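Notes follow once the structure below has been shown.
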Amino acid sequence: MSLFKSFDTKGNEDSDKQNLPVEKVKVLILGSGPAGYTAAIYAARANLNPVIYEGIQPGGQLTTTTEIENFPGYPEGTTGTAMMEDLKKQAERFGTDVRFGIATSADLSVQPFRVIIDEEKVVEADALIIATGATAKYLGLESEEKFKGQGVSACATCDGFFYKGKDVAVVGGGDTACEEATYLAGLCNKVYLIVRKPYLRASKAMQERVFSTSNIEVLFEHTTKEIVGDMTGVNGVVLNSTKKGEDVKIDISGFFLAIGHHPNSDIFKPMIETDEVGYIKTIPGTSKTNISGVFACGDVQDPHYRQAITAAGSGCMAAIDTERYLGERKF
């Protein structure tokens, strides 16, 4: 599910939107994951009076993760929901105005920038920080949703440690799937790589890594039919062999999706530069986009790492870049 809905905007307000109430703010932040909240903390401490809209999933993707052990400062670990609540409280402590609401369209061709929230009001902002994240692609199975966070994961780096010494499966045939499979192979007893085609789409180097790793078994021409488990979580998966036309069940404890992510950037197109997938392009070493005064941080501009800690770091960058931008223009 996309964090922010997509509507077609051509830079002009629709006639039915021209009479919406308008609110003016200095800094508007869209998105409430590690990037958005960190940007809010830094912006608030700089007296920029940021307003943050949380989106349809307050806390972002991290709230679907049951346990987090790799974020600095939590020696005993924590949950994604608890961490996001901590970040929210910290942002509010310094004066951030945190609101629930969904950005439904935007006009970045004017200054101040205009963002419509819930189709009900217009927020004008001197500076805009986009932290809308990216949504992992899932297969669309009911059992997948049922066991999300209880054996079903879209991030091996985040959750792989919890399956140390166990058997797991990875779905996908591209570079990401191969990279996740080899990463998990260093932790798990066995890794099944489920590939619906008779070949891997990954680069030759990644393919060689997979085929040379003894505890990875590639299951070509297999599709996932159902994930099975009980109250303790996933304990198996039913696959369909498209070549043989029969079902087969394998016993696993973890099921990892590696079929891609969709960056939540649709409402900003074609105003802002993105790559072919939709990730917002930023000037290397900064959070600056091609539009002066618009900054991007977190997974919406990061197709490579997609970690809470890197998202938080980029949120810090976005707030500092925003402060300098506003200072230079003396809004």
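The values are calculated or read from the model by the stated rules, or taken from the named source; none is laboratory data. Worth saying up front: this structure is predicted, and the values here are computed from it rather than measured. All Cβ positions, glycine included, derive from the backbone under ideal geometry; neighbour counts span all protein chains shown.
Quick one: residue 211 ticks every box in (1) surrounded by 14 or more Cβ atoms within 10 Å (Cβ to Cβ); (2) over 23 Å from the mean Cα position of the chain (by Cα); (3) aromatic (Phe, Trp, Tyr) except a single one, so which number is it? Just one mismatch for residue 211, condition (1). The set of residues in the stretch 283-308 that are modelled with pLDDT of 95 or more and among the aliphatic types (A, V, I, L, M) comprises 283, 291, 294, 296, 300.
For every residue, the table says whether it meets (1) at pLDDT below 95; (2) in contact with a strand residue (DSSP E or B) (Cβ under 8 Å, 6 or more places away or on another chain).
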site	(1), (2)
153	yes, yes
164	no, no
169	no, yes
203	yes, no
210	no, yes
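Being closer than 17 Å to residue 199 by Cα, out of contact with any Pro (no Cβ under 8 Å at 6 or more places or on another chain) and either of a type in the set (Phe, Trp, Tyr) or in contact (Cβ under 8 Å) with a residue 60 or more places away in the chain (or both) is a condition met by no residue of the stretch 240-253.
For the stretch 1-40, give me the residue count where each residue is modelled with pLDDT of 95 or more, in a helix (DSSP H, G or I) and either farther than 17 Å from residue 130 by Cβ or of a type in the set (Lys, Arg) (or both). Summing the residues that are modelled with pLDDT of 95 or more, in a helix (DSSP H, G or I) and either farther than 17 Å from residue 130 by Cβ or of a type in the set (Lys, Arg) (or both) in the stretch 1-40 gives 0.
Looking at residue 91, is it in contact with a Cys (Cβ under 9 Å, 6 or more places away or on another chain) and either crowded, with 23+ Cβ neighbours inside 10 Å or at pLDDT 95 or above (or both)? Answer is no for this residue. Within the bounds of the stretch 50-70, is there any residue that is touching a residue at least 60 places away in the same chain (Cβ under 8 Å), part of a helix (DSSP H, G or I) and hydroxyl-bearing (Ser, Thr, Tyr)? Within the stretch 50-70, one or more residues are touching a residue at least 60 places away in the same chain (Cβ under 8 Å), part of a helix (DSSP H, G or I) and hydroxyl-bearing (Ser, Thr, Tyr). Among the residues of the stretch 284-310, those identified as within 9 Å of the chain's Cα centre (by Cα) and either outside any loop (DSSP other than H, G, I, E, B) or not assigned by TED's automatic domain parsing to the domain that holds residue 269 (or both) are 298, 299, 300.
In the stretch 71-91, which residues are of a type in the set (Gly, Ala, Ser) and either over 21 Å from residue 317 (Cα atoms) or without any contact (Cβ under 8 Å) to a residue 24 or more places away in the chain (or both)?
Matches in the stretch 71-91: 73, 77, 80, 82.
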